[in-house]
Structures are given as C-alpha cells and as structure tokens.
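Down below is the structure, laid out as structure tokens.
Throughout, read-outs are computed from the coordinates displayed, never taken from laboratory work. Remember, it's a predicted structure, so these values are computed and weren't measured experimentally. Cβ: placed from backbone, ideal geometry, glycine included. Neighbour counts: every protein chain shown.
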Amino acid sequence: MQSAQTSLENIRKDFPILQRTVRENKPLVYLDNASTTQKPNQVIDAINDYYRNHNANIHRAVYALAEEATELYEKARDKIANFINIKNRDEIIFVRGTTEAINLVAYSWGRSHIKEGDIVVTTEYEHHSNIVPWQLLTQEKEANLEYIGMDDNGELILDDLDKYLETGKVKLVAFSLMSNVLGTISDVEAIITKCKKAGVLTLVDGAQAVPHMKVDVEKLGCDFFAFSGHKMLGPTGIGVLWARKSVLETMVPFHGGGDMIREVHKYETTWNDLPYKFEAGTPNIADVVGFGAAIDYLSKIGMDNIRQHEIELTKYALTKLSAVKGLHIYGTKDISKRGGVISFNFADVHPHDVAQIIDEEGIAIRSGHHCAQVLMERLNVAATSRASFYIYNTKEEIDKLVDSLNKVARIFKL
Amino acid sequence: MSNADIYHEMIIDYSRNPINYGKIKDHDTTFHDSNPLCGDSIDIDMKIDDGKVSDIKFHGKGCAICMACSSVLTEIAKGKSIDEVRNITKNDILGELGLENLQAVRIKCALLSLKVLKFALYSYLGKHLENNPDVDKLKEEAANLY
C-alpha cells in the first residue's frame, strides 16, 4: 500500500478471522486466497443488516421492505458494472459464481451456436470450470475441443491459437485472465485481437484477476466475462456473468421459472428483459448486497494499490522461496506477467504432507491439483503446494511460511 | 495427538523406500483408483496361486501417508489366503502405523490402497467364483470403506 504499514494494519483489523489463532495457539496465516478470501466486517455487516432490516423478495411486492431490498440488490449491480467499467448495467447477470457463469454460456449460447465439426478452444492452464462445460457441449454437439498449449515458463503458446483459427471452424475461445495455479496473466490483448480478426467470440474467466488488479472489461473487448464474489472479499454463492447485449439477445434462457418471464400461458412463454431473462427464481439477494459491500471496500483501497501490494509480496516470496534448497517454483519469474499465486513442490515431499506439517504452525496453504488436472498433466506432477496472497497478507507471514518449510525439511530429512 | 506427530520415523521410511513397489507383469488381477480431491493414485497387481496371494505389488503417486499404508498393506497381504486378505480391516492398516486417530481429511489417503486391494480381489473372485453372493458383499465393503 502507498502509506505502507499503518494502512495494512488497519486493513487487517477489518478482518475478524485474522485475529483468531489455530491449532496450538498459532496466529492464523491465511495464504489460500486464490481459493477463497476472508471477509471484512463491512461485508459481514452488510449481509447482517440486510437480514435484520430489509429482508423481502425483490422485483414484485409494493410494500416498503420489498422496495428497499430491490434497491439494495440493484444498487449492487450498478456498483459491479462500474467496477469493471461496463456502461450497460443490463448486461450484468448475477449467478452463483464463475462456474455457473461458464455453464450458463455453454448451455444458453453454446447449445444453439455450436454445430457438428465446430471448434471450441480453451487452454492447458484452465480451471476445470473452463474445461468440463466445453467437454460436455462439444461431446453433445459432436464438435471438437482444442487446447492452446503452455510453454515451460507457464505462458500460453499463441501459435497454437493461430493454427486453430486458420481452420475457420473455431466458434469460441475461452481462457482465464490469470491462472489459478501459476498466477500467469494471459496476454489477453493478443488473444482477443486475433479472435476478433477471425470473427470468433471470446470468453474470459476473470475469477483470479478481478480481485487483484484493475480490469476494464469494456477495454478488453471480449464477449463474455465471468468472476466470483468470494474470491474478492465477498460472500460465497454469488458471481457475475457479463455478456455483450447483442450476444445475450441471441441466447435462450438458462433456467426457466419466476422473474425471468414476461407472460406465461399454458403452452408458451415470453421472456423478461435483460438481465432478468437469465435470473430465474428468487436470487441470492443478501449475498449480492454483501458483494456490493466488498466492491465498495476494494474501491476504497484502490485496485492499483492492491496490485502494487501483491507485486511486492510476490517478489519478496519468490526471492525467499527460491532460496529454500530443494524447492521448485512453477511459472514465470517475470513479475509483470504473474499475480500473487505461487505454486511449488518441495523436493520429493508430497504437497499434502507439506500442507499438513505447516498447518501445525497455523499456516493455511492449498495442496492438490487445484481443479487443474490438465495443467498437472502438462507439468507432469500429481499435485503442487500453492500459496496465494491478498491485501491483508504481510512479509512477516511469508517469513513464517519459509520457516515452516524448514520444519518440513527436518521431518523429511531433506 | 498433534497432527504433525503422524510423520514419525516409520511413515517417513516407508514413504521414502516403499515396500512391494512396482508392477507384476503376469498378474491375475489388478485394479486402479484415485482420490478425486487430492490426486492420490494407486494401482495394485496381484498374483494368486492355490488360493493364496503369492505376490502383490503397488505403484502410483501419493503422499507419505498413502505410500506408507500401501507398503504396510502389501506386506500384510503377501502370502496370505484370499479369505485372510479379504478380511483385512482398516484398523489393521491404521494400527500398524499408529494412525488410529488420523484426521478425517487424511483417512482417504491412508485407506485408498485397501480400497483398491478389495476391488482387485472382487474382480478376481467375480471371474473365478460364479454365483457367490458373498462376493458382492466385498464390493460393497470396498465401496464404503471411507
């Protein structure tokens, strides 16, 4: 942060969970932010306040509470549109999370636009949520799924994309803005420029990027953009699909039910306007409100400050971890091309054993395949350990991580 | 017990130098399974002669707990009759390594190989003993191990 330590301390005070201890009275060192983030009082209080004071169903009833609830819900939509620089708020669709957003696109857009022999392109470093929906779709349609490969530096091989685009059969390229395992930031500009030139739609999975850096979706120029609230201080169970209006208008509804209709007759129904056409049933109102509070919190700190803080932490961690004998770090060392996610393996010790031993010191890191088995195969490993940072993490916590790895080395006689 | 205490000498030794690690080319039965959440992945090959497990080997990738338990399991099973092997319980494995109080999230690491062994045996018995209702019990037991 710009005003360094004092503001960081203030930030930590906002997170009640960071005050607790775990295991044998060890202060919690939470380094699993790529998986989910902790919540500040401001978010917890917003949800609490909603249930205590404003709870009602939205968009229908005329009484005071319903009006308040609707306003809170729709205000959050405006905040989110503004946060990712989208002019048309009707293009912001609330979903459960990035996974549901991508499945919505695969179902509502994919099933009517993908035909036999067409190609959907994804990448080798995608999360399962940006692979499996496309497998389901292409299998059903007898279409083909292709992968943009990854080089040994953890960066995408864009020549692969050119090769697929040349076939003239590609209908969609779906890729993440930032890898959840390697932290690689994709060369989004190059990918979208190539796709636009070829008249191919693009879907960007922003789940890892939006929480950590300023993302201007309008400027990106993609056609679909997805991200989740819980990875950016918001509650679980709420996320966003943004899609260009002209594309949304070519899509069939995802779920049928209340709120998504204009008129329902015995044998036919007309659809509600955007975005409601894609928001069937009573939505997750309280968590939308909480998500809005998270956006306020992040905006107040400033996304550029957050990115700067994480660059410093990541640089520090890369230096410290590189000095641990036997520790192998995956992905690029070029800090401008990576976010605050560091995957590593420690000699021949299985990541689960690493995670369990350092858990004794109160340190929470992730171990496993991180829902990216295609990438694990590419790296030729069964699993990795992963430390991922956020606004409340400190250099002292990274020191603790490094110290605890020395304990692993002792136990495993490395 | 403290969770780090599970990493005692025996576990580390077994994971570093697994016993019965490898493949059996002319096996009589084999089975593979993995734990979807953690990626532990184990294959067990068995040679069966005169109703006995004359040879057993495992291979795959896993954490120290998984590798140590696979080693112990194959040591226990080797040379035993089919009946004895099918009656190996989870406590036989956990007890051998002092893992009786292993936390729930790691139990699957410890018992994956036992599950694979039981399925391998089930597949062998299914092929060799027709109409034996007892065999289905084994499958059910394996499927519900953890």
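Compute the length gained on full extension between A:H265 and A:E140: take 0.36 nm times their separation in residues and subtract their Cα-Cα distance, giving the result in nm to one decimal.
Gain in length upon complete extension: 41.9 nm.
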Where only alpha carbons of region B:3-143 are counted, the Rg and the Dmax (Å): 14.4, 47
Choice from B:C66, B:C38, B:C109 with maximal GNM fluctuation in chain B (Cα, 10 Å cutoff): B:C38
Projected label distance in nm at A:R89 and A:N153, using a 7 Å step from Cα toward the beta-carbon: 4.3 nm
Order of A:M376, A:M150, B:M10, B:M67 - criterion: other Cβ atoms within 10 Å of each residue's Cβ, fewest first: B:M10, A:M376, A:M150, B:M67
Fewest-first ranking of B:D83, A:D223, A:D118, using other Cβ atoms within 10 Å as the exposure measure: B:D83, A:D118, A:D223
FRET efficiency for A:E9 and A:N48, using Cβ-Cβ distance with R0 set to 30 Å, rounded to 0.05: 0.75
Sum of -39500 (n - 2.57) over DSSP H runs of 4+, divided by residues of the protein assembly as shown (222 nm, nearest 500): -12000 deg cm²/dmol
Space enclosed by the convex hull of the alpha-carbon atoms of region A:43-133, per residue, Å³: 156 Å³
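With a ≥ b ≥ c the root eigenvalues of the C-alpha gyration tensor of chain A, is it rounded (a/c under 1.5), prolate (a/b larger than b/c) or oblate? Don't skip to the answer; put the middle values down first.
Working: a/c = 2.06, a/b = 1.24, b/c = 1.66.
Note, shape of chain A comes out oblate.
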Fewest-first ranking of B:T89, A:T202, using other Cβ atoms within 10 Å as the exposure measure: B:T89, A:T202
Cβ-derived FRET efficiency at R0 60 Å, A:E67 paired with A:L414, nearest 0.05: 0.40
Per residue convex hull volume, Cα atoms of region A:36-85, in Å³: 95 Å³
Ratio of Rg to Rh over region A:231-373 (Cα coordinates, Kirkwood Rh, two decimals): 1.13
Inter-probe distance in nm under a simple model that places probes 7 Å from Cα toward Cβ, at A:N25 and B:N91: 3.6 nm
Computed E for A:K169/A:Y316 - FRET, C-beta separation, R0 56 angstrom, nearest 0.05: 0.75
Approximate spin-label separation A:K196-A:N41, in nm, with each point projected 7 Å along Cα-to-Cβ: 4.5 nm
Globularity index of region A:312-412, i.e. its alpha-carbon radius of gyration over 2.2 N^0.38 Å: 1.01
DSSP bridge pairs, the protein assembly as shown: antiparallel proportion in percent, nearest 5: 70 percent
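May I ask for the percentage of alpha-carbon pairs in region A:227-298 that lie more than 21 Å from each other?
Value for region A:227-298 (Cα pairs over 21 Å): 38 percent.
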Estimated Rh, region A:133-246: Kirkwood, alpha-carbon pairs, angstrom: 15.1 Å
Entries in B:K57/B:K139; A:K141/B:K139; A:K79/A:K315; A:K75/A:K171; B:K25/B:K127 that, when Cα-Cα distance is taken, lie over 27 Å: A:K141/B:K139; A:K79/A:K315; A:K75/A:K171
Within region A:384-404: backbone nitrogen closer than 14 Å to the A:I335 label point (7 Å, Cα to C-beta): A:395
